[in-house]
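All of the numbers you see were taken from the coordinates with simple rules; none came from a lab. Just so it is clear, the model here is predicted, and its values are computed rather than measured. Here Cβ is always computed from backbone atoms with ideal geometry, including for glycine, and neighbour counts include all displayed protein chains.
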Amino acid sequence: MQYIFSDDAGESILKLKGEEYKYLFKVRRHNIDDILYFRQHQNSEELYQYRVLSFDGRSASLEFVSRKKNEIKPQKQLHVAWCVIDPKSVEKVLPSLNEIGVSKITFIFCERSQKNYKIDLKRYMRILDTSSQQCGRSQSIVFDVVKSMEKFIQDNPETVVLDFCDEVLRCNTDIHTVLIGCEGGFSEEERNQMQNLKRFSLDTKMILRSESAVIAIASKVLL
């Protein structure tokens, strides 16, 4: 754990209880005089240093030591436009995408997305909080939701599309926004809407799940 999110970070005395206390003092076994680090959600580039003053069986008191600007962010920007798939599949790969350095994910309800899927952005943010605390990233992925492919393409005309074609994605390809379909691919109407967009494929003969394709592309572009 590189740091803990706490919106009380910056106070002269920081009180910890509940799950934070259990994790730090019962799982990680921190003790008196140990140094711990915190960030605020609303000012996440600042890193706060605290020293453990005391703890009992239910809570702990920490003393403010210092603060400094300490941004840890990706060197490149990648916006993933992701046609809606099963949220459980998304949840499994969100920590990896956060660690790799994806900057933004826009979920698009395309024609072949199952309409009963509900996007719980608050749950996704909780998953990202845990990931960022573990990997050290100071600003996690930004989320957006768009109701149609047509709307997204209008707003993001520079988008490139993962599709079946002869152009293979290379590691040095300069991509800022990439569109990835759901299971079943794109409808004919959607293909007409994206006919002026650049397309590329991945260099594999195997059929990738949507979430596998997202990780593969993010890794090639960002790492």
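Which of the listed residues, Y117, G185, H79, is farthest toward the dipole's positive end in the stretch 79-222, when Lys, Arg count +1 and Asp, Glu count -1 at the beta-carbon?
The residue sitting most towards the positive pole is Y117.
Give the span of the stretch 2-150's Cα atoms along each principal axis, as three whole-Å numbers ordered largest to smallest.
57, 32, 21
So which GluC sites (Glu not before Pro) in the stretch 5-90 are both in a DSSP loop and have at most 11 other Cβ atoms within 10 Å of their Cβ? Mind showing how you got there, number by number?
On the way: sites: E11, E19, E20, E45, E46, E63, E71; in loops: E11, E45, E71.
When the GluC sites (Glu not before Pro) of the stretch 5-90 are filtered for loop state and at most 11 Cβ neighbours within 10 Å, E71 remain.
Calculate, in nm to one decimal, what L202 and E158 gain on full extension: separation in residues at 0.36 nm each, minus their alpha carbon distance. Before the final figure, lay out the partial values.
Numbers: separation 44, 0.36 × 44 = 15.84 nm, distance 1.93 nm.
Value of the extension gain: 13.9 nm.
Treating only the Cβ of Lys, Arg, Asp and Glu as charged (+1, +1, -1, -1), what charge dipole size does the stretch 4-69 show about its Cα centre? Round to the nearest 20 debye. Don't jump to the answer; show the numbers that get you there.
Details: 12 positive and 11 negative charges, 42 e Å.
Computed charge dipole of the stretch 4-69: roughly 200 debye.
Efficiency by 1/(1 + (r/R0)^6): what FRET value for Q42 and N192, r their Cβ-Cβ distance, R0 = 45 Å, to the nearest 0.05?
Details: r = 43 Å, r/R0 = 0.95.
Approximately 0.60, to the nearest 0.05.
Cysteines of the chain lacking any other cysteine beta carbon under 4.7 Å?
Among the cysteines of the chain, those whose Cβ sits 4.7 Å or more from every other are C135, C165, C171.
Expressed as a fraction of 2.2 N^0.38 Å, the rule-of-thumb size for a compact globular protein of N residues, what is the C-alpha radius of gyration of the stretch 79-222?
1.00
What is the antiparallel percent of DSSP beta bridges lying wholly in the chain, to the nearest 5?
Numbers: 18 of 40 bridges.
Here the antiparallel bridges make up roughly 45 percent for the chain.
Once the dipole of the chain is set up with Lys and Arg at +1 and Asp and Glu at -1 on Cβ about the Cα centre, which of V214, N156, H41 lies farthest towards its positive end?
Of V214, N156, H41, it is H41.
Using only Cα atoms, find the angle between the long axis of helix 210-222 and the longest principal axis of the chain, and express it within 0 to 90 degrees, rounded to the nearest 10.
Here the helix axis deviates by roughly 80 degrees.
What is the dipole size for the chain, taken about its Cα centre, with +1 at each Lys and Arg Cβ and -1 at each Asp and Glu Cβ, in debye to the nearest 20?
Values: 33 positive and 32 negative charges, 125 e Å.
Around 600 debye, computed over the chain.
For the stretch 142-223, which chymotrypsin sites (Phe, Trp or Tyr not before Pro) pass both filters: DSSP loop (anything but H, G, I, E, B) and at most 11 other C-beta atoms within 10 Å? The partial results should precede the final answer.
Working: sites: F143, F152, F164, F186, F200; in loops: F164, F186.
Within the stretch 142-223, the qualifying chymotrypsin sites (Phe, Trp or Tyr not before Pro) (loop, at most 11 other Cβ atoms within 10 Å) are F164.
Just subtract the alpha-carbon distance of D8 and E20 from 0.36 nm times their residue separation and send over the number in nm, one decimal.
Details: separation 12, 0.36 × 12 = 4.32 nm, distance 1.30 nm.
Difference between extended and current length: 3.0 nm.
Could you calculate the FRET efficiency of Y117 with E63 from 1/(1 + (r/R0)^6), where r is the beta carbon distance between them and R0 is 35 Å, rounded to 0.05? Each step should come with its number before you reach the end.
Working: r = 46 Å, r/R0 = 1.33.
Using R0 = 35 Å, I get an efficiency of 0.15.
Quick one: check the C-alpha center-to-center distance for the stretch 122-201 versus the stretch 29-53, whole angstrom.
Result: 35 Å between the Cα centres.
How large is the charge dipole for the stretch 26-151, taken about the Cα centre, if only the Cβ atoms of Lys, Arg (+1) and Asp, Glu (-1) carry charge, to the nearest 20 debye? All intermediate terms of the calculation are to be shown ahead of the outcome.
Values: 23 positive and 15 negative charges, 43 e Å.
Rounded to the nearest 20 debye, it is 200 debye.
Amide H of F5: which non-local residues (sequence gap of 5 or more, or other chain) have their own amide H closer than 5 Å, using H built in the peptide plane?
Those qualifying (amide H under 5 Å, at least 5 residues apart or on another chain) are R39.
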